[in-house]
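The next block holds one structure in the form of structure tokens; read it before the comments.
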Amino acid sequence: MVLLNLHIDEQKYGDKMILHSIFQSYESGKIHGVLGENGAGKTTLFHCMADLIPYKGKTMFARSTDFGYLPAELYMYPMITGDEFLQFYVTAKGRIYDRKEKDRLNQLFELPLHEYADRYSTGMLKKLYLLGLLLQHNNTLLLDEPFNGLDFKSCAFMTALLCHCKEYGNTLFVASHDIEHLFSYADTISVIKDGGLQFYPDRETFQQIKADIENEASVKVREALCMNE
């Protein structure tokens with residue numbers, strides 16, 4: 001089933017073109033990886049998908065889609081506990097804040113919800129936001145660099161959580177610059193480069209991405225060394 005028809009003619013910041021000529025469909029029930037260098041436009045793509053910024057084009061989600069967005073840079077209100085944040089985060093979307101469900105899920109997240117959330121580490125903040133997204137009962141998640149700043153144990157936890165969400169029929173879009181890790185769990189890969197998007201529909205095609213990147217890096221190194229001779 002097609003979950004999303006993405007159509008971006010162009011998106012600019014001032015006179016600078018960020019994204020252009022993107023036409024791509026995505027199926028539901030999969031993990032769709034979004035790969036790109038820093039500044040390539042991954043966050044801009046997610047902002048377009050979430051309709052947070054203006055652009056020329058149209059994003060069409062399936063009618064039954066409820067999506068939640070995890071930004072790369074997380075903001076936390078000062079002097080608010082983790083529990084108070086979750087209550088605000090869930091009820092602001094018109095959902096009922098089920099404390100029993102929150103307590104059950106937090107057995108997995110192990111967050112000190114009685115403490116002020118602005119004192120949480122980066123990993124704890126990401127877990128708090130993810131807990132809120134789950135309590136909102138979203139069936140589609142846009143996750144922008146969810147592994148940045150996490151230690152190895154938290155990375156393993158996050159990966160297992162994403163795969164678990166997929167097993168329950170949810171759809172996830174995960175932006176990352178970590179190619180090896182993204183390959184380990186994603187079903188499709190979209191590579192953003194020079195404002196465009198190249199889509200790789202299955203894992204059999206992923207190795208071509210790696211080969212192209214390694215070849216480009218090798219050419220740049222040879223050219224740079226030759227210039228210094």
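General observations
- Of the residues making up region 63-100, not one is assigned to a helix (DSSP H, G or I), closer than 13 Å to Leu133 by Cα and among the small types (Gly, Ala, Ser).
Residue-by-condition table, conditions (1) open to solvent by less than 30 Å² (accessible area, probe 1.4 Å); (2) assigned to a loop (DSSP other than H, G, I, E, B); (3) of a type in the set (A, V, I, L, M):
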{"position": "Lys102", "(1), (2), (3)": "yes, no, no"}
{"position": "Leu111", "(1), (2), (3)": "yes, yes, yes"}
{"position": "His114", "(1), (2), (3)": "no, yes, no"}
{"position": "Asp118", "(1), (2), (3)": "no, no, no"}
{"position": "Leu130", "(1), (2), (3)": "yes, no, yes"}
{"position": "Leu134", "(1), (2), (3)": "no, no, yes"}
{"position": "Leu143", "(1), (2), (3)": "yes, no, yes"}
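- Filter pass, Asp151 being within 17 Å of His181 (Cβ to Cβ) and either touching a strand residue (DSSP E or B) at 6+ places or on another chain (Cβ under 8 Å) or at pLDDT 95 or above (or both): no
- Residue in region 118-130 that is in contact (Cβ under 8 Å) with a residue 24 or more places away in the chain, over 14 Å from Gly82 (Cβ atoms) and touching a Lys or Arg at 6+ places or on another chain (Cβ under 9 Å) present: no
- Any hit, region 117-130, residues being within 16 Å of the chain's Cα centre (by Cα), more than 21 Å from Ala160 (Cβ to Cβ) and modelled with pLDDT under 95: no
- Matching residues in region 188-228 - criterion: being basic (Lys, Arg) and more than 22 Å from Ile31 (Cα to Cα): Lys220, Arg222
- Within region 96-107, residues that are aromatic (Phe, Trp, Tyr) have Cβ atoms under 6 Å from residues that are surrounded by 14 or more Cβ atoms within 10 Å (Cβ to Cβ) in these pairs: Tyr97/Gln87; Tyr97/Val90, counting only partners at least 6 apart in sequence or on another chain.
- Scanning region 39-69 for residues that are open to solvent by 50 Å² or more (accessible area, probe 1.4 Å), within 16 Å of the chain's Cα centre (by Cα) and over 24 Å from Cys165 (Cα atoms) yields a total of 2.
- Within the option set Ala92, Ala72, being among the hydrophobic types (A, V, I, L, M, F, W, C) and open to solvent by 60 Å² or more (accessible area, probe 1.4 Å) holds for one residue only, Ala92.
- For region 172-220, the tally of residues that are under 21 Å from His7 (Cβ atoms), surrounded by 19 or more Cβ atoms within 10 Å (Cβ to Cβ) and polar (S, T, N, Q) stands at 2.
- The condition of being buried (at least 17 other Cβ atoms within 10 Å of the Cβ), free of Cβ contacts under 8 Å to residues at least 60 places away in the same chain and either among the aliphatic types (A, V, I, L, M) or touching a helix residue (DSSP H, G or I) at 6+ places or on another chain (Cβ under 9 Å) (or both) does not hold for Leu162.
- Every residue from region 75-89 that is open to solvent by 30 Å² or more (accessible area, probe 1.4 Å), under 25 Å from Phe147 (Cβ atoms) and touching a residue at least 40 places away in the same chain (Cβ under 8 Å): Tyr77, Tyr89
- Checking each residue in region 70-100 for being at positive phi and either touching a helix residue (DSSP H, G or I) at 6+ places or on another chain (Cβ under 9 Å) or of a type in the set (Val, Ile, Thr) (or both) picks out only Met79.
- Lone qualifier among Cys163, Cys226 - being at pLDDT below 85 and out of contact with any Pro (no Cβ under 9 Å at 6 or more places or on another chain): Cys226
- Remark: pairs (first residue in region 173-196, within 26 Å of Lys16 (Cβ to Cβ); second residue charged (D, E, K, R) and not in a helix (DSSP H, G or I); Cβ separation under 6 Å; 6+ apart in sequence or on different chains) = Ala175/Asp144; Ala175/Glu145.
The values are calculated or read from the model by the stated rules, or taken from the named source; none is laboratory data. This is a predicted model, so every value here is computed, not measured. Please note: Cβ atoms are built from the backbone with ideal geometry, for glycine as well, and neighbour counts cover all protein chains shown. SASA here: full protein model, heavy atoms, side chains in, ligands and nucleic acids out. Shrake-Rupley method; radii C 1.70, N 1.55, O 1.52, S 1.80 Å.
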